[in-house]
Amino acid sequence: MTKRELVIVGGGPAGMAAALAAKESGVRDILLLERDQHLGGILNQCIHPGFGLHRFKAELTGPEYADRFIKMVKDSPEIQVSLRSFVVKLTGDKKISYLKPGALEEIEAGAIILATGCRERTREMIPIPGSRPAGIYPAGLAQKMINMEGWIPGKEAVIVGSGDIGLIMARRMVLEGMKVKAVIEIQKTSRGLVRNVVQCLEDYGIPLYLSHKITKIYGANRVEKVGVVEVDENFNEKPGTGFELSCDTVLISVGLIPENELLEMAGAAIDRVTNTPVGPEVNLTSIPGIFACGNAAKVYDLVDWVSRDSEKAGKMAAEYLGGKAL
Amino acid sequence: MSDYDVLIIGAGITGAAIARELSKFKLKILLLDKEAEPAFGVSKSNSGIIHAGTQNPPGSLKGRLCVEGNRLMREEMAKDLGLHFIQCGQLIVIFDLKDLPELEKIRLEGETLGVEDLRIVDRLWLNAHEPGLGPEVQAALYVPSAGIISPYRFVYALVENAVRNGVELKTSHKVTAIKRLKGGEPGFEVTAARQVFRTRFLVNAAGLFADEVSALAGGADFKITPRKGEEYLLDKKREHIANHIIFPLPTPDSKGILIIRTSDGNPMIGPTAHATEDKGDLSTTDEGLAEVLAGARRMMPTISKSDIIAYFSGLRPVCGHDFIIRHEDKAPGLVNVAGIQSPGLTAAPAIANHARDILADNGLELIPRKDFHRNREKPVHLLQIPLSKTRELIKKEPAYGDIVCRCEMVSAQEIRDAIKRGARTLDGVKFRTRAQSGRCHGGFCTTRIVKIMQEELGLPVEEITKRGPGSELIMDERK
């Protein structure tokens, strides 16, 4: 078991900002663990503009925003990056075990920052009745397929939920030659940013059905159609309002869940409803010396605010380390 | 001269168990399935319970073969085939002490069938051994020989071992015609995927379609009526919610809504039991969810809708009240193994022995093979082994340290292993490795798995499917 001063789990915008701020605050031994083969996290698949307006006073794409941080991390000898490194165990006394190709590493950390981001809520969580054919994707997975791999999932899509990723993917799929038949939102208003409703749906003539829900997904092997119905204020079906939309692809964009399974493994308190850490303020958890930042701490609308708050987490960790000898 | 001594239609649990049993003998055997991989029919939706044998009528084939299958699993199968079998025991609970005579009846019937160590336990015992039970539960019948297993990995183990011992497996081979051989020669000509296979004996283990196959072969007329069951899987965080498999008193049509420990950790609740006419109806419904939640919550009130991370439906191939396992004298050489609903998974090894004896009685010569390989190497599942063992594995094969599926901790090497053992589809990888079956449902790992499949199988991305032709994932690739 080796000793490290600060271990940060997650090399997305939150983890990188926390690492850089910890370095600025005097921490000299920082290990940044990232499970993917690149730093940058989800920003890498967000090739649309709109990032950095606050932070850099410039309109950047996701990869451009990430690159600015990646460059700073690479220029910091205090920060050691370990890619393809997957944490399998975290204890309350800050022992951390991770796997990477060819090795299992075990580390005793002075402080830990969890910047593990979030995952998408799935079709299973809504839940939508019907069959389970191919062609149903969480919107973020579809984004990764199209933007990172160049894989076009289908020809005609319906999007369930008006979260930002779903709205952005509506436009993206149209630009890739797919037809987007509708965005179906059970609430009375869109869940996404107004600018996304305007720029991603209205500008492309994609109908947004508010107060509507999917009643069923049809199709044996691949999606064939979905049933849609209008709902009342209690989300119950309004009789006689049902209709069907044929499609071969369904994207699910119904929100994000912070990924705090590691924190839970360490024994920290987790809010059962939001899956976020219970702590006196953002970035703090119920275990001294273990911090959480970025989308793992709470779901943010803008990456600019993730960077800002995660820098605070880096400073907090530095202060914690300064107050106690290793 | 026939191409094969025995042709088995259906590579679900029944056909797989029969193939593996017959592979002990000097026989030429062909195992056909219409789906892209074994276990993609009835077996994939099985609850994974290895029943003790209770809740079956005395004198039934079901009861006898279930008790025997349970014994074979505990004493031979799990060890020989490297299966992750957990003998966790079962409780049949009652909500009213007035129902004690019902429990007593199940106990006596079970003992008559040969189920051992049955006993009725009171609320105090339950408080100590199953503390999560709700206040309504008054007493239970404790059935210690019951256990759990992964149903599809049981099938894959049997098929792998059968193939190792010389059985030929052909998937995506739907049988379209069966003719008796000409000139009075005993045997059949079976057409599948536009090829004709000649066989001396024909075993019909076609699950939901066994009635259609029997009719094609000129065998008995019977009708399989699917009985649908919806199942709901809970988050692995709820793994310790139950120590046993928990049943209510059975109804005439089913064993009721259960709380099922699974060998992969996620508890499962269900199944419903509703007759349907549609052999392709695998949909889940709002009503099914409500029924399952109500049934499960009565036994264990802390279960909530937000614990659910996945759901699916399965169809039981029902034909009357008992299994049909017999030689069809009007189509000599045809053995029907039909109506294999619950407890078919448990009974499968005993069904296979029974089918073997029927074939022998009707002229199949059984000469044991000296080179039969009884054992099948257990696949690596990182989640089932301690980190110290993982460290050793990684030293030998670095890709065991390359994690692809974060929710279930599945490495790139496990996915490659699964493909080497026969996985050809995304579902096949999922059933063998659990990659994509955790709480994110493949949101993070699907692209990586698809790429590994492309590398191992040498296929363009448009040909990677979820479960076979027609379920392609990607329509077009920008190059």
Using +1 at the C-beta of Lys and Arg and -1 at the C-beta of Asp and Glu, which of B:302, B:342, B:442 has the Cα lying farthest in the positive direction of the dipole of the protein assembly as shown? B:442
Which residues' amide hydrogens lie under 5 Å from the amide hydrogen of residue A:113, considering only partners 5 or more residues apart or on another chain, with H built in the peptide plane? A:7, A:8, A:9, A:291
Counting only C-alpha contacts under 8 Å and six or more residues apart, can you give the relative contact order of chain B as a whole percent? 20 percent
Expected-Rg normalisation [2.2 N^0.38 Å, Cα atoms] applied to chain B: 0.98
Label point 7 Å beyond Cα of residue B:195 along Cβ direction - residues of the range B:441-479 with amide nitrogen under 18 Å: B:469
With the Cα gyration tensor of the range B:72-161 giving a ≥ b ≥ c as the square roots of its eigenvalues, does the rule (a/c under 1.5 for rounded; else a/b larger than b/c for prolate; else oblate) give rounded, prolate or oblate? prolate
Label-point separation in nm, residue A:238 to residue B:375, each point 7 Å along Cα→Cβ: 6.8 nm
Mind jotting down the distance between the C-alpha centroids of the range B:405-479 and the range B:176-214, whole Å? 34 Å
Let's test the formula: R0 of 25 Å, r as the Cβ-Cβ distance of residue A:149 and residue B:456. What FRET efficiency results, to the nearest 0.05? 0.90
Would you tally the net charge around residue B:74, using a Cβ to Cβ cut-off of less than 13 Å, leaving residue B:74 out, and scoring K and R as +1, D and E as -1? -4
The answer for residue A:136, listing residues at least 5 apart or on another chain whose modeled amide H is closer than 5 Å to its amide H, is A:250
Straight-line reach from residue B:279: which lysines fall under 19 Å, measuring Cα to Cα and dropping same-chain residues less than 8 apart? A:216, B:34, B:44, B:174, B:223, B:228
Report, as an integer, the average count of C-beta atoms from other chains found within 10 Å of each Cβ along B:403-413. 3
Of all alpha-carbon pairs in the range B:382-463, indicate the percentage at a distance above 17 angstrom. 43 percent
Please give the residues of the range A:200-222, grouped as numeric ranges, whose backbone N is less than 15 Å from a label point set 7 Å along the Cα-to-Cβ vector of residue A:194. A:200, A:202
Sequence-distant lysines (8 or more away, or on other chains) whose Cα lies within less than 20 Å of residue A:188: A:213, A:238
Using alpha-carbon pairs under 8 Å, 6+ residues apart, how would you state the relative contact order of chain A in percent? 22 percent
For peptide B:441-450, how many partner chain Cβ atoms fall within 10 Å of a residue's Cβ, on average? 6
Place the peptides A:12-18, B:438-444, B:347-353 in order of packing, highest mean first, counting for every residue the other Cβ atoms within 10 Å and averaging per peptide. A:12-18, B:347-353, B:438-444
Using the Cα centre as the reference, give the magnitude of the dipole from point charges on the C-beta atoms of the range A:122-252 (Lys, Arg: +1; Asp, Glu: -1; all else neutral), rounded to the nearest 20 debye. 200 debye
With point charges of +1 on the Cβ of Lys and Arg and -1 on the Cβ of Asp and Glu, referenced to the Cα centre of chain B, which listed residue (B:199, B:42, B:61) lies farthest in the positive direction of the dipole? B:199
For the range A:122-252, what Kirkwood radius comes out of the mean inverse Cα-Cα distance, in Å? 14.5 Å
Using a 7 Å offset from the Cα along the Cα-to-Cβ direction at both residue B:240 and residue B:221, what is the distance between the two label points in nm, to one decimal? 5.9 nm
Straight-line reach from residue A:95: which aspartates and glutamates have Cα under 15 Å away, leaving out those fewer than 8 places along the same chain? A:5, A:105, A:106, A:108, A:264
Largest first and in whole Å, give the semi-axes of the range B:315-402's equivalent ellipsoid, each being the square root of 5 times a Cα gyration tensor eigenvalue. 41, 20, 9
Summing -39500 (n - 2.57) over every DSSP H run of at least 4 residues in chain A and dividing by its residue count gives a helix-only mean residue ellipticity at 222 nm, to the nearest 500 deg cm²/dmol, of -6500 deg cm²/dmol
With +1 on the Cβ of every Lys and Arg and -1 on the Cβ of every Asp and Glu, the dipole magnitude of chain A about its Cα centre, in debye rounded to the nearest 20, is 280 debye
Please report the relative contact order for the range B:382-463, taking Cα pairs under 8 Å with a sequence separation of at least 6, and give it as a percent rounded to a whole number. 24 percent
What the Cα atoms of chain A span along the principal axes, largest first and in whole Å, is 69, 38, 38
Taking only the C-alpha atoms, wrap a convex hull around the protein assembly as shown and report its volume per residue in Å³ as a whole number. 173 Å³
Suppose the Debye formula is applied to equal point scatterers at every Cα of the range A:170-231; what is log10 I(q)/I(0) at q = 0.15, 0.23, 0.27 Å⁻¹? -0.52, -1.03, -1.15
Residue-count net charge about residue A:158 - beta-carbon cut-off 11 Å; Lys, Arg +1, Asp, Glu -1: 0
Would you mind telling me which residue in A:169, A:148, A:125 has the biggest mean-square fluctuation in a Gaussian network model of chain A, where springs connect alpha carbons within a distance under 10 angstrom? A:125
Burial-style ranking of B:95-108, A:197-210, average other-beta-carbon count within 10 Å with highest first, yields A:197-210, B:95-108
With r as the distance between the Cβ atoms of residue B:105 and residue A:305 and R0 = 56 Å, compute the FRET efficiency 1/(1 + (r/R0)^6) and round to 0.05. 0.30
What is the packing order of peptides B:33-42, B:299-308, taking the mean over residues of other C-beta atoms within 10 Å and listing the highest first? B:33-42, B:299-308
List every residue whose amide H lies under 5 Å from the amide H of residue B:258, counting only residues 5 or more places away in sequence or on a different chain, with H placed 1.01 Å from N in the peptide plane. B:270
Partner shielding of A:119-127, as the mean number of partner chain Cβ atoms within 10 Å, equals 6
To the nearest 20 debye, what is the magnitude of the charge dipole of the protein assembly as shown about its Cα centre, counting +1 on the Cβ of each Lys and Arg and -1 on the Cβ of each Asp and Glu? 1400 debye
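Any read-out appearing in this document is the output of simple, stated calculations on the displayed coordinates, not a laboratory observation. Source: prediction; values computed, not measured. Using ideal geometry, Cβ is built from the backbone for each residue, glycine included, and neighbour counts are taken over all protein chains shown.
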